[in-house]
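> I have a structure I would like to understand better, so I am pasting it below and will then ask my questions one at a time.
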Amino acid sequence: MNERLETLLDTVRRTAGQLGGTAADAAWGVGKRAEELMSAARLRLRIAALEGREEGCFAEIGEMLYATHTGHPTDSDALLEKLREVDSLRAERARLEHLLDRRREAAVCPVCGAPARKDDVFCRACGKRL
Ligand SMILES: [Zn+2]
């Protein structure tokens, strides 16, 4: 393998253990209360937006690695910063998905108020679409 790329990947490996925790902790504290009140549709939009940003990060990471491979080495700090960004985006997305799951578990039919189960598509009491 290209020596520069190997060095870059070594740096990434060395810092792998410390990435997840701190980024996740930071993301968990942000805007928690506002999201408790957010509608399911809004949560799904936020989740989709986060997925889009993750894809963007992965594209940039790919460019950085490929540039290194072709002899234009990427600064490892820049790469690590991008990886950390993915960590916090993923942590935030996991948190929103968790909120969305809890929302589904606590769902009630908007028409008759009967409790609905997580995967119900139609209300078990009145038959309306949930
Ligand atoms: Zn109903």
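The values are calculated or read from the model by the stated rules, or taken from the named source; none is laboratory data. None of the values given here were measured: they were computed from a predicted structure. No Cβ is skipped: glycine too gets one built from the backbone with ideal geometry, and neighbour counts run over all protein chains shown.
> Checking the structure you have, find out if any residue of the range 97-113 is closer than 30 Å to N2 by Cβ, out of contact with any strand residue (DSSP E or B) (no Cβ under 9 Å at 6 or more places or on another chain) and touching a residue at least 24 places away in the same chain (Cβ under 8 Å). Don't jump to the end; show me each part of the working.
So in the range 97-113, the residues closer than 30 Å to N2 by Cβ come out as none.
No, there is no match, as no residue in the range 97-113 is closer than 30 Å to N2 by Cβ, out of contact with any strand residue (DSSP E or B) (no Cβ under 9 Å at 6 or more places or on another chain) and touching a residue at least 24 places away in the same chain (Cβ under 8 Å).
> Restricting attention to the range 105-117, and to residues there that are in a loop (DSSP other than H, G, I, E, B) and more than 10 Å from the ligand (Cβ to nearest atom), which single residue is surrounded by the most Cβ atoms within 10 Å (Cβ to Cβ)?
Restricting to residues being in a loop (DSSP other than H, G, I, E, B) and more than 10 Å from the ligand (Cβ to nearest atom), the top hit is A107.
> Checking the structure you have, find out if any residue of the range 61-73 is more than 19 Å from I47 (Cβ to Cβ), within 16 Å of the ligand (Cβ to nearest atom) and modelled with pLDDT under 90.
No, because not a single residue in the range 61-73 is more than 19 Å from I47 (Cβ to Cβ), within 16 Å of the ligand (Cβ to nearest atom) and modelled with pLDDT under 90.
> Still on this structure, I have one more. Take the conditions buried (at least 17 other Cβ atoms within 10 Å of the Cβ) and either under 19 Å from D10 (Cβ atoms) or in contact with a Phe, Trp or Tyr (Cβ under 8 Å, 6 or more places away or on another chain) (or both) and apply them to S88. Does it pass?
Taking the combined requirement at face value, the residue does not satisfy it.
> Could you say whether any residue in the range 95-104 is farther than 26 Å from L9 by Cβ, within 16 Å of the ligand (Cβ to nearest atom) and outside any helix (DSSP H, G or I)?
Filtering the range 95-104 for residues farther than 26 Å from L9 by Cβ gives 95-104.
Keeping just the survivors that are within 16 Å of the ligand (Cβ to nearest atom) gives 104.
If we keep only those that are outside any helix (DSSP H, G or I) too, we end up with none.
Checked the range 95-104: no residue is farther than 26 Å from L9 by Cβ, within 16 Å of the ligand (Cβ to nearest atom) and outside any helix (DSSP H, G or I).
Table: residues versus (1) within 16 Å of the ligand (Cβ to nearest atom); (2) part of a loop (DSSP other than H, G, I, E, B); (3) surrounded by fewer than 16 Cβ atoms within 10 Å (Cβ to Cβ); (4) at pLDDT below 85.
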residue	(1), (2), (3), (4)
V30	no, yes, yes, yes
R42	no, no, yes, no
L50	no, no, no, no
A59	no, no, yes, no
D77	no, no, yes, no
E81	no, no, yes, no
R93	no, no, no, no
D119	yes, yes, yes, yes
C126	yes, yes, yes, no
